[in-house]
1. Rounded if a/c is under 1.5, else prolate if a/b beats b/c, else oblate: with a ≥ b ≥ c from the C-alpha gyration tensor eigenvalues square-rooted, which is the stretch A:217-488?
2. Using only Cα atoms, what Kirkwood radius does the stretch A:60-123 have, in angstroms?
3. In whole Å, how far is the Cα centre of the stretch B:266-294 from that of the stretch A:435-465?
4. Give, to the nearest whole percent, the P(r) tail of the stretch A:219-270 beyond 15 angstrom, counting all Cα pairs.
5. Hull surface divided by four, with the convex hull built on the Cα atoms of chain A: how many nm²?
6. As I understand it, the dipole of the protein assembly as shown uses +1 on the Cβ of Lys and Arg and -1 on the Cβ of Asp and Glu, about the Cα centre. Which of B:Thr376, B:Val137, A:Gly57 lies farthest toward its positive end?
7. Among B:Thr342, B:Ser299, B:Tyr362, whose Cα projects farthest towards the positive end of the dipole of the stretch B:243-362, with charges put on the beta-carbon of Lys, Arg (+1) and Asp, Glu (-1)?
8. Using only Cα atoms, find the angle between the long axis of helix B:116-131 and the longest principal axis of chain B, and express it within 0 to 90 degrees, rounded to the nearest 10.
Amino acid sequence: MVFSSLTFLYYFLPIVLIVYILIPNKINVPLGGERVLVVPARNLLILLTGFFFYAWGEPFYVIIMLFSTMIDYTAGRMMHKYDDNPKIRTICLIISVCMNIGLLAVFKYSDFIFHTINSVFGTDITNPVILVNRAINDIYDFGLSENSVALPIGISFYTFQSMSYTIDLYLRKIDVQKSFIGFTSYVTLFPQIVAGPIVRYEDVAAEIEERKVNIGGISEGIAKFSKGLAKKVLLANNIGIIWTEVKAMDPAHISAATAWLGILAFTFQIYFDFSGYSDMAVGLGKMLGFNFPKNFDHPYLSKSVSEFWRRWHITLGTWFREYVYIPLGGNRKGMAKTLRNLLIVWGLTGLWHGASWNFVIWGLYYGILIIIERVGWGKLLEKLPSGISMLYTFLAAVFGWVLFDTDTLGGAWQYIKAMFGAGGTLYDSTSAYMLASNALIYIICIFASTDIFTRLTEFFKKKKKRIYAYTVPAAVACVLLLCTSYLVDASYNPFLYFRF
Amino acid sequence: MKYKKRKRVNIPNLITCIVFFGILIFMAVMTIALPKKDFLEMENDYAEKFPELSAKAVFNRSYMNKMESYISDHFAGRISWIKGRTVLETSLGKKERNGIYILDDRLVEKISEPDMTSVDKAIAAINKFADGLDIPVFAMIVPTSAEIYSDELPENAPNADQKKFIEYVYRNLGRSVNTIDVYQTMMSNRDDYIYYRTDHHWTTKGAYLAYSAAGKKMGYVPVPIDLFDIEHAGRDFIGTFYSKTLYDGVERDTIDFYHNSEGEKATEVSITESFGEEPEVFDSMYFREYLGVKDKYSSFLGTNKPIVTIKADNDGGKLLVVKDSYAHCFAPFLTEHYSEITLVDLRYINISLSKVIDIDEYDQVLILYNASSFMTDTDIRKLGY
């Protein structure tokens, strides 16, 4: 289920939230005598609804999530039980990490791996996962894909989240979660399961035990959710149509202006889609009493690529820093190791976004830009007027998106050439019409990518409290009505993270 | 007991919650409570039925997909929601929606550049077909409203040039095909009501003008327009372009029937739904039951069917028409001059034409398509088999 669907918005969300609000955090069930069973009612509800939410999109692979959750939970308990036995603790960690990485390898990367092997060695090996799928389908028609491995939704998010638990537990940064319901509710927490943010266990450990659900939190969550819904449905979906159109054209015959309009459309689409999704997740978390970390901070205003990645998909960057970069030695072991570590982290970051060479190159592209900034370019950037350094960073991101969303490296190269006029013309009637009929949405997207709206709301929040307070419900109503009118006629409402 | 300090509830926060959940719950309940329609007239399609739960349907996700379609198809006030969106977008200056351009007083189709290799196959098939026949073959490709009113389109709006396209087709049709040019006819009458404002068809008036223009080549003297009694049979017709946009800013259409004041010539209409079955026989070309539903254009000879034969009371020859739906309001005029007119719709014929039609019985063949459907057609090539 996706947040931007009528089913979620009008049925799942209100039903779950109302039940959630009505029940207490914990229910004490007397078992006779002195004994009392404490049922963590809200966590249980989160667990059940999370499974339902996930199974709505992945009715079969929900068992993989359950499987990974059980392994990680058990690994945690074992680490705790054998607290003074470093060997057992290490083994538990290795099992957990290997299992999670293994799931990614099997379900996300196996096709890519076998495809690469086959094309390098000229072999024709069938991915064994497909053979397993076929065998399972023979037993009962589960409708598993028999030609390619279908990536289970959100697998890249929940495996990373679970790993944050076992790794941090191993590093003794957090306490063990003894309750299976508690741990599972963390993994299945529906706001963040399909598209992040990558909430580390540490971030919500306290809230899993005890959290406040009140009108203030709910209304704050509603405002944040509505903001995200508007970004996704009104901005991302509408500007995304342009990119879909341009992408369908032959890059050898489009004008430079068309190519730019197309990739700019995608630049805005991916930002509003992804950050909108994160806002919705954060908002839903707030309604449930959780405080998720911020995932986007106006990345297109960054003045260097390094800064861009501190403001884009922040929770992913944090994850790789905490669990890959720093354990590898970070930047404390000399220049050569630092460079190696950066390239590893960025190669992996690229690969995390999808199993294809485009994504690896896309990640390394950023790794190299960041290295160049480290060795001096960054210092120079700081001295440049901020308009120029922002433009540089924005353009770096735009070219990155070409790599990101054209399916092959050849396609990316073709497209980049088109942006420089290889299609023969700089400007033609197609681009003129595209610009004229979509000028408004581009302008809105440009403004909405800056922090103007955030500053404006901060100003009203502080200086004009009453106006602000009553604007919120009015804005929420407008967003809800507008988005509904777009969702009812959902001719274009893509889910962009199916490859993550 | 400890005294618990009661925090004052923040009113705006409370309003936010009430507004948000109020809208959600109200719409959710209304959607469940309102009576369900089986048929979506705007989409011309059946509405999704409430899905049946089964393990198989759950595992292959069809249950979930159907449930989502069900909710969307039956969402309370569905049409009004979509209209609201159109009103918003057009008021923000958007002139295009779902492949339809919104002009000042009409809707027209956005026609993309045709795939010429596919068009060439159709042309080759017609040539092959005509070369194998001893009887005259005529071809009439009718421009659509997007061409005739192309000067009213938004600036630079992509729109395939139908004039060039028709010229290309006519140039490449061989000598055994007589082409009938109606482009000029339509263009010079563009101020008249020759195309529906909300539908992709031409009006009966448009068809009449083409019928008059074709007379010279096909060898008949067209009946003058003042000999017809014009019946405004269907008012408030809203066609396919309307369904795609739900834009209320253009005037609705009227379906006109042209009756010869000296009496109708058509005596019998027989429609073959599927081969091997006896055709169903009707006594009129006008299917008035369609005037009461949304799809009013189908009052001309019904919806598209593989074979429709019209018998008429005169001593003219027999005509075979290979056609799309533009022929439906055109055919009644032909009954003035032909004793039998057979309309074949190749989209619905999947066996060789010679198996269903004895071509030797006919005196003339007319190939009648509008330019838009000719551009995308993949069935005309069946003529070559």
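Nothing in this text is a laboratory measurement; each read-out follows from the coordinates by a stated rule. Not measured: the values here are computed from a predicted model. Positions of Cβ are backbone-derived with ideal geometry, glycine not excepted, and every protein chain shown enters the neighbour counts.
1. It comes out oblate by the Cα gyration axes.
2. Numbers: mean 1/r = 0.0737 Å⁻¹.
In the stretch A:60-123 this quantity evaluates to 13.6 Å.
3. Cα centroid of the stretch B:266-294 versus Cα centroid of the stretch A:435-465: 59 Å apart.
4. Within the stretch A:219-270, distances greater than 15 Å cover 51 percent of Cα pairs.
5. Working: hull surface 116.7 nm².
Across all orientations, chain A yields a mean hull projection of 29.2 nm².
6. Going by the charge dipole, the pick is A:Gly57.
7. Highest projection toward the positive end goes to B:Ser299.
8. The angle comes out at about 30 degrees.
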